[in-house]
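Notes follow once the structure below has been shown.
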Ligand SMILES: [Zn+2]
């Protein structure tokens, strides 16, 4: 998602109005303009109202879990829950389970409706808050992805490489760092 983020940031700063038409992930800023998507509150949007309660519950649980592990959000993320692949694709995403676009918002695919997937993306949102919008470009991948896989408590024992390796590297580093020094130590890397 690094490329998506970079393009989104560039377009939003250079051509804010045209960005929406040019580059789909930018739509996460105004999901209510995407056909069939409605926002049930300020931060939770969905393309199928009948699953709103499930989405709200996932959101609240994710928020509390992540704030507890990596500190409170400066601004709570906006999350679009897609129940169809067509919805997910209308934000420019295809194969991933969920995607965070900096602090602009998170889009969840139909198969991404799982607590650990949402927590993973919410951790990326916190990284963008603490380490900067373009943190994936300036910090090691083991920190960015290893933290997301580890602290989201992804239940998969074995992840595909390089994620398995990144999770190990992060865990080793985090053991010596501790929760209280997470962001100060991370920003010094
Ligand atoms: Zn990730």
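The values are calculated or read from the model by the stated rules, or taken from the named source; none is laboratory data. Please read these numbers as outputs of a predicted model, since none were measured by experiment. So basically every Cβ, Gly included, is an ideal-geometry build from the backbone, and we count neighbours across all protein chains shown.
The table below lists the values:
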item: Within segment 128-140, considering residues that are in a helix (DSSP H, G or I) and closer than 13 Å to residue 2 by Cα, the one nearest to the ligand (Cβ to nearest atom); result: 136
item: Residue tally, condition away from the ligand (no atom under 16 Å from the Cβ) and either out of contact with any helix residue (DSSP H, G or I) (no Cβ under 8 Å at 6 or more places or on another chain) or at pLDDT below 70 (or both), over segment 1-27; result: 12
item: Any hit, segment 57-76, residues being away from the ligand (no atom under 16 Å from the Cβ), touching a residue at least 12 places away in the same chain (Cβ under 8 Å), assigned to a helix (DSSP H, G or I) and within 25 Å of residue 23 (Cα to Cα); result: no
item: Every residue from segment 141-153 that is within 16 Å of residue 116 (Cα to Cα) and more than 10 Å from the ligand (Cβ to nearest atom); result: 150, 151, 153
item: Residue in segment 146-160 that is more than 13 Å from the chain's Cα centre (by Cα), part of a helix (DSSP H, G or I) and farther than 16 Å from residue 61 by Cα present; result: yes
item: Among residues of segment 100-127, those that are assigned to a helix (DSSP H, G or I), more than 12 Å from the ligand (Cβ to nearest atom) and farther than 17 Å from residue 61 by Cα, counted; result: 2
item: Some residue of segment 77-86 being touching a strand residue (DSSP E or B) at 6+ places or on another chain (Cβ under 9 Å) and either assigned to a helix (DSSP H, G or I) or within 16 Å of the ligand (Cβ to nearest atom) (or both); result: yes
item: Some residue of segment 88-99 being assigned to a strand (DSSP E or B) and within 14 Å of the ligand (Cβ to nearest atom); result: yes
item: Within segment 101-112, considering residues that are buried (at least 23 other Cβ atoms within 10 Å of the Cβ) and at pLDDT 90 or above, the one nearest to the chain's Cα centre (by Cα); result: 106
item: Test for residue 181: is it within 30 Å of residue 51 (Cα to Cα), surrounded by fewer than 20 Cβ atoms within 10 Å (Cβ to Cβ) and either free of Cβ contacts under 8 Å to residues at least 60 places away in the same chain or within 12 Å of the ligand (Cβ to nearest atom) (or both); result: no
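This table checks each residue for (1) over 19 Å from residue 29 (Cβ atoms); (2) touching a strand residue (DSSP E or B) at 6+ places or on another chain (Cβ under 8 Å); (3) surrounded by 23 or more Cβ atoms within 10 Å (Cβ to Cβ).
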site: 114; (1), (2), (3): yes, no, no
site: 133; (1), (2), (3): no, no, no
site: 146; (1), (2), (3): yes, no, yes
site: 155; (1), (2), (3): yes, no, no
site: 159; (1), (2), (3): yes, no, no
